[in-house]
Every structure is written in C-alpha cells, then in structure tokens.
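All remarks here apply to the structure that follows.
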Amino acid sequence: MAVKLNNSPIYIKGTAEMWVHDIVTGELLGHSNKIDTSNFTSSVNAGEIRAGLGAPIVMQIPDSSTFSGEVTAADFSLSARQLITGGTLKYNGTVPVMEKILATTTTLKITGMPVAAYGEASTNETYSCYVGDDGINYGVNPTTKEIQGFTAEVGKEYCVTYYTEIASAQELTIPSSFNPTVARVTVKMAAYSSQGKSAMNGSRSGYLFVYIPRASFASGDVGVNGSQTETSTTSWSFQAMSYDEADVTCSMCANDNSVFGYMVYAPCGVNAEMSAVTNLITVGGAIAVAVGETKQTPVFYVMEDNSLVTPKYTDLTFTSAAPATATVSEEGVISGVAAGTTTITIATKVKKNNSEEPLYSTTLNVTVTE
C-alpha cells in the first residue's frame with residue numbers, strides 16, 4: 001500500500017472496551033469497558049545470517065515471533081479469572097452466615113440449611129458451626145440442624161456462625177493444574193486526529209480494533225489485591241496463538257496463511273465509510289451482454305493509496321439510459337433486453353455537502369447483442 005503524503009496523523013489513546021468470545025459458538029465469555037491499561041507487544045528473533053569477510057549480516061530469516069496483549073481492568077471479574085485458570089464458574093456458592101438464636105431449650109437449633117465449608121468433607125456427620133467468639137467448632141447436624149456439644153442457657157441470645165449456599169453467590173473453582181481458555185479477543189481503542197477535515201481538530205476520529213482470532217489466557221494473573229487503599233484489578237492478559245486462514249491456493253509453494261491477528265482502523269463521523277474514497281470508477285471499458293443474459297457491473301472505489309475496493313452495491317444507485325435496451329438492478333446486475341447500446345450511470349447514495357449531487361459518479365457503456 002502506497003502512503004499518501006500530508007495525511008492527517010492519527011493518535012491512539014485510551015482503551016474503550018474488550019470482548020472475549022467462544023471460538024466455536026461465538027458466545028460472549030467476558031467483557032469489560034473499565035480498562036485501566038492495555039499494551040500490545042511483539043517480539044521476533046531476527047535470525048541473522050552472517051557470512052563473508054568481517055561476518056556482516058547478509059540475510060535475516062525471522063523466527064520465534066510472538067504477539068501479546070497485556071490488559072488490566074479497574075473492575076473485578078471472576079469471568080476473567082476463569083479464562084486464566086480454566087476453572088468452573090457457577091452460582092450457588094458457599095458462604096459463612098451469622099444468625100441470632102434465642103435459646104428456648106439447652107440445645108440451639110439453626111433455621112438455615114447448613115453445608116460443608118470448603119475443604120470440609122460433605123460426608124461428615126456434622127458441619128462447621130461456631131457459637132459466639134470462643135472459636136470452638138461445635139458442629140451442626142445437617143439433618144436436625146441442631147448444634148452439637150454446646151449447652152445453652154434458656155432465655156439467652158446467641159450469635160451462631162455456620163456455612164450455607166446462596167443462590168446468587170458466584171463460585172470459581174481454581175484447579176491446581178491450570179487449563180487456560182483459548183478464545184477470540186477484540187479490543188477497541190480510541191483514535192484522534194490533529195488535522196482532521198472537521199472544524200474540531202484533535203477530536204475523536206475513529207477507533208482502532210485489535211482482533212486476535214486465537215488468544216490463550218495463560219499469561220494472565222488470577223490474583224486478588226486486598227489493599228486497604230487500592231482496588232483489586234483484573235488481568236485480561238493473553239498470548240496470541242497462530243491461527244490458520246483457509247488456504248485456497250492449492251500450491252505446494254504457497255505461503256503460510258497463519259496469522260496472529262488484525263489491526264483495523266475504523267473512522268467515525270458523518271459518511272465515515274467514504275472518508276478514504278477518492279473516486280468511483282468502472283474497469284474493463286465498455287461491457288457487452290447478449291439479449292436474455294446478465295452481467296455484473298464492474299464498479300470499484302478508488303482509495304487514497306490508489307487501490308481498488310469493491311463497494312457494497314446497496315450503497316450505490318444504478319440507472320439505465322435506455323431500459324428498453326438494457327436494465328440494471330439495485331445490485332448492479334445488467335440484463336440485456338434488445339440489441340443496441342445504452343449507458344449505465346452509477347452514483348453514490350452519499351451526497352456532497354449541502355447538495356443533492358452524488359459524492360462520486362461514473363458511467364458505463366453497454367452494448368446488447370443478439
């Protein structure tokens with residue numbers, strides 16, 4: 001791609017959002033719009049080959065390339081930690097609860113449903129239960145709900161602590177052998193322009209999207225910071241894995257089609273999709289079509305670097321000067337009707353500023369043969 005001189009420079013500052021999707025189902029596995037820092041880095045071994053007098057570099061064959069993303073969010077997320085550990089994330093987690101009980105007999109009985117604490121066998125005859133602040137585990141019978149080994153004073157109120165399951169409590173199981181998730185990652189960063197075409201120089205000009213088709217979260221940190229003065233952050237860091245694009249060349253000498261990812265700058269604003277388009281043209285000269293046959297209009301956008309891009313036909317209008325000779329559909333398909341010649345006018349639906357004149361238009365000569 002040729003670079004145009006005096007282009008408006010683009011500046012990237014700030015990360016807006018991050019999405020993590022399942023590579024098979026497309027289901028959203030994680031999301032954050034509270035990104036604190038994000039940094040994409042790459043490395044490669046240059047693979048220098050030195051030869052000749054003085055051993056100068058005569059060639060480089062790069063190898064061992066990497067592409068990584070280090071993303072930290074200011075909010076706390078168990079979903080991100082699940083991606084790192086490969087653990088199970090579910091509701092109905094176990095938590096300690098405290099219950100005030102007025103003794104009506106010498107035996108205390110809780111009202112909730114006790115369960116085993118984490119690290120305590122669910123097959124135990126009693127589960128952990130504490131009365132007051134003496135630290136003694138008296139145990140509670142899960143069937144009768146009676147506290148064992150404690151003699152209460154009738155008429156006295158006691159504070160009892162035990163464990164139970166709460167439907168809305170999220171539980172992440174952290175396995176001793178991590179099995180990090182490989183997922184599809186999209187990161188959205190803000191882009192600004194200092195010499196834009198609008199009156200507001202330095203304003204938001206668009207977004208930079210970084211797409212990673214296969215990202216492993218093995219490099220993330222599942223830890224939690226319990227600081228008294230700082231909030232605990234979330235690591236969404238990942239390592240890009242090689243992703244094989246479909247090989248349609250059918251050649252033994254074809255290049256490796258694997259990729260780490262893609263960076264896409266998408267402009268924003270009115271008619272942003274046309275901001276890098278410089279013209280609308282047809283290629284191949286006049287077109288010939290037989291009566292009863294059809295052909296697609298060979299129309300292209302000319303971009304700032306003089307490359308050609310096939311437009312979305314729904315963004316264009318097509319008009320035949322002589323429909324009795326040839327018609328043209330909204331999708332640019334020309335149909336021969338009768339022998340003769342005509343012209344097809346193609347124009348953008350986008351108009352020039354404050355006018356009804358198309359931003360770009362072109363014509364195509366059509367000959368219909370018997």
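The values are calculated or read from the model by the stated rules, or taken from the named source; none is laboratory data. None of these values were measured; they are calculated from a predicted model. Neighbour counts are summed over all protein chains in view; Cβ atoms, including those assigned to glycine, are modelled from backbone coordinates with ideal geometry. These area figures cover heavy atoms from the full protein model, side chains too; ligands, DNA and RNA do not enter into them. Shrake-Rupley method; radii C 1.70, N 1.55, O 1.52, S 1.80 Å.
Obtain the nm distance between the two label points defined at SER355 and THR367 by a simple spin-label model: each point lies 7 Å from its Cα along the Cα-to-C-beta direction.
3.4 nm
Each residue of segment 339-345 in order: what ³J(HN,Hα) in whole Hz does its phi give by Karplus 6.51 cos²θ - 1.76 cosθ + 1.60, θ = phi - 60°, with x for Gly and Pro?
Result, ordered by residue: 4, x, 10, 7, 10, 10, 9 Hz.
Under the definition of Cα pairs under 8 Å and six or more residues apart, what whole-number percent is the relative contact order of the chain? Working shown, then result.
Numbers: 850 pairs, mean separation 54.6, N = 370.
Over the chain, the number comes to 15 percent.
Mind checking segment 128-201 for trypsin sites (Lys or Arg not before Pro) that DSSP puts in a loop (not H, G, I, E or B) and that have at most 12 other Cβ atoms within 10 Å?
On the way: sites: LYS145, LYS156, ARG184, LYS188, LYS197; in loops: LYS145, LYS156, LYS197.
When the trypsin sites (Lys or Arg not before Pro) of segment 128-201 are filtered for loop state and at most 12 Cβ neighbours within 10 Å, LYS156, LYS197 remain.
Probe radius 1.4 Å, ligands and nucleic acids ignored: give me the carbon and sulfur share of the accessible area of segment 263-370 as a rounded percent.
On the way: 3130 of 5870 Å².
Carbon with sulfur: 53 percent of the solvent-accessible area.
Given a Förster distance of 35 angstrom, what is the FRET efficiency for VAL24 paired with MET252, based on the Cβ-Cβ distance and rounded to 0.05?
Result of the calculation: an efficiency of 0.70.
Show the residues, 5+ positions off or on another chain, whose built amide H is closer than 5 Å to the amide H of ALA16.
LYS188, MET189, ALA190
Tell me which residues come under 5 Å, amide H to amide H, from TRP236 once H is placed; ignore anything under 5 positions away on its chain.
So TRP236 has HN proximity to VAL71, THR72, ALA73.
With respect to the cross-link table entries LYS90/LYS145; LYS312/LYS352; LYS312/LYS349; LYS188/LYS352; LYS13/LYS34, which display a Cα-Cα separation exceeding 23 Å? Please list the in-between numbers first.
Details: LYS90/LYS145 26 Å; LYS312/LYS352 19 Å; LYS312/LYS349 11 Å; LYS188/LYS352 30 Å; LYS13/LYS34 14 Å.
As for pairs spanning more than 23 Å Cα to Cα, those are LYS90/LYS145; LYS188/LYS352.
With +1 on the Cβ of every Lys and Arg and -1 on the Cβ of every Asp and Glu, and nothing else charged, how large is the dipole of segment 1-109 about its Cα centre, in debye rounded to the nearest 20? Intermediate values should be presented prior to the final figure.
Values: 8 positive and 9 negative charges, 54 e Å.
Around 260 debye, computed over segment 1-109.
Taking amide H positions as placed 1.01 Å from N in the peptide plane, with prolines and chain starts having none, which residues 5 or more places from ALA117, or on another chain, fall under 5 Å of its amide H?
Counting only residues 5 or more places away or on other chains, the set is SER128.
Using only the Cα atoms of segment 176-319, build the gyration tensor, take square roots of its eigenvalues as a ≥ b ≥ c, and label the shape rounded, prolate or oblate: rounded if a/c is under 1.5, else prolate if a/b is larger than b/c, else oblate.
Note, shape of segment 176-319 comes out oblate.
For segment 57-116, which chymotrypsin sites (Phe, Trp or Tyr not before Pro) pass both filters: DSSP loop (anything but H, G, I, E, B) and at most 13 other C-beta atoms within 10 Å?
On the way: sites: PHE67, PHE76, TYR91; in loops: PHE76, TYR91.
Hits after loop and neighbour filter: TYR91.
Please report, as a whole percent, how much of the solvent-accessible surface of segment 1-156 comes from carbon and sulfur atoms (probe radius 1.4 Å).
On the way: 5190 of 9740 Å².
Of all accessible area on segment 1-156, carbon and sulfur atoms account for 53 percent.
If packing is taken as the average number of other Cβ atoms within 10 Å across a peptide's residues, how do 80-89, 359-368 rank, most packed first? Mind dumping the intermediate values first?
Values: 80-89: 21.1, 359-368: 18.4.
Highest-to-lowest ranking by the protection proxy: 80-89, 359-368.
Starting at the first residue of segment 277-287, write each ³J(HN,Hα) from the Karplus equation 6.51 cos²θ - 1.76 cosθ + 1.60 with θ = phi - 60°, in whole Hz, x for Gly and Pro.
Here the 3J(HN,Hα) series is 8, 10, 6, 10, 9, 10, 10, x, x, 4, 10 Hz.
Averaged per residue, what accessible area in Å² does the chain show with a 1.4 Å probe, protein chains only?
Details: 21890 Å² over 370 residues.
About 59 Å² of surface per residue is accessible.
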